[in-house]
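No lab work stands behind these numbers, since they all come straight from the coordinates. Model, not experiment: these values are computed from the prediction. Using ideal geometry, Cβ is built from the backbone for each residue, glycine included, and neighbour counts are taken over all protein chains shown.
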Amino acid sequence: MLILKDLTDEGWQFASSSTSRKGEELAASPYAALTFYWIPLGRQVRVMGTVGPTDPEDSARDFLLRPAPARAEALVGRQSAVLEDPADIDAAVKEQTERLTVEPGLVAPNWTLYTLRAEEVEFWQSDPDRRHLRLRYRLDETEHWTKERLWP
Ligand SMILES: Cc1cc2nc3c(=O)[nH]c(=O)nc-3n(C[C@H](O)[C@H](O)[C@H](O)COP(=O)(O)O)c2cc1C
């Protein structure tokens, strides 16, 4: 579960730590799928494509928009690492909060705004009789979107 930060001409943007589990997985295999699901509407949208980091300035801008506690936490830079002792969080966050007090413009080097460039998008609408409507759009080599219906 991630916040969709923006949808630009470049693609779908989300932010995370490049040293988290997902950050390392994306570095090894820069391909991902996003799923959006609206329960009351029975509607799902899936977006699949290649993922890469945006310009460091964009990541820095995103980082600086985060509230101070979130910046301190990200500056710790341990997302997804094993936490041996919960008391370690307090000490680590306190240290980074103090750094931020002295240097409010600090940016965590691992904080990354990623952009997913869609190659395939599927719109799914549920049907009570299981005749779900599935519309898939695929981008071909000529940058043309092919629309197909899929079996439910
Ligand atoms: C509502 C919600 C929003 C979240 N937004 C983010 C986010 O924008 N970025 C992020 O790194 N993690 C976010 N998380 C935490 C991630 O779901 C995830 O636990 C974390 O990124 C570590 O994942 P990983 O170990 O697979 O790298 C959010 C969680 C929830 C429940």
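Between GLU103, GLU73, GLU122, the residue with the greatest mean-square fluctuation in the GNM of the chain (Cα pairs under 10 Å linked by springs) is GLU103.
A dipole drawn for the chain from +1 and -1 charges on Cβ atoms has a positive end, and of PRO69, PRO86, LEU2 the residue lying farthest that way is LEU2. Taking a Cβ cut-off of under 10 Å around LEU139, the surrounding Lys, Arg, Asp and Glu residues balance to a net charge of -3, with basic ones at +1 and acidic ones at -1. The alpha-carbon atoms of segment 32-110, seen along their principal axes, cover 47, 32, 23 angstrom, with the largest extent given first.
Give, as a single signed number, the net charge of other residues whose beta carbon lies under 15 Å from the beta carbon of ASP127, with Lys and Arg counted +1 and Asp and Glu -1. Residues close to ASP127 contribute a combined charge of +4.
Placing pseudo-labels 7 Å out from each Cα toward the beta carbon at TRP145 and ASP90 gives an inter-label distance of 5.2 nm. Hey, what D do you get for segment 1-78 in µm²/s if you plug the Kirkwood alpha-carbon radius into Stokes-Einstein at 4 °C and 1.567 mPa s? Rounded, D is 92 µm²/s. Across the options THR54, TRP38, THR101, the greatest Cα extent toward the positive end of the charge dipole of the chain (unit charges at beta carbon of Lys, Arg, Asp, Glu) belongs to TRP38. Taking N as the residue count of the chain, its C-alpha radius of gyration divided by 2.2 N^0.38 Å amounts to 1.30. Rounded to the nearest 20, the size of the Cβ-charge dipole of the chain about its Cα centre is 700 debye, with Lys and Arg at +1 and Asp and Glu at -1. Between the Cα long axis of helix 87-102 and the first principal axis of the chain there is an angle of about 80°, rounded to the nearest 10.
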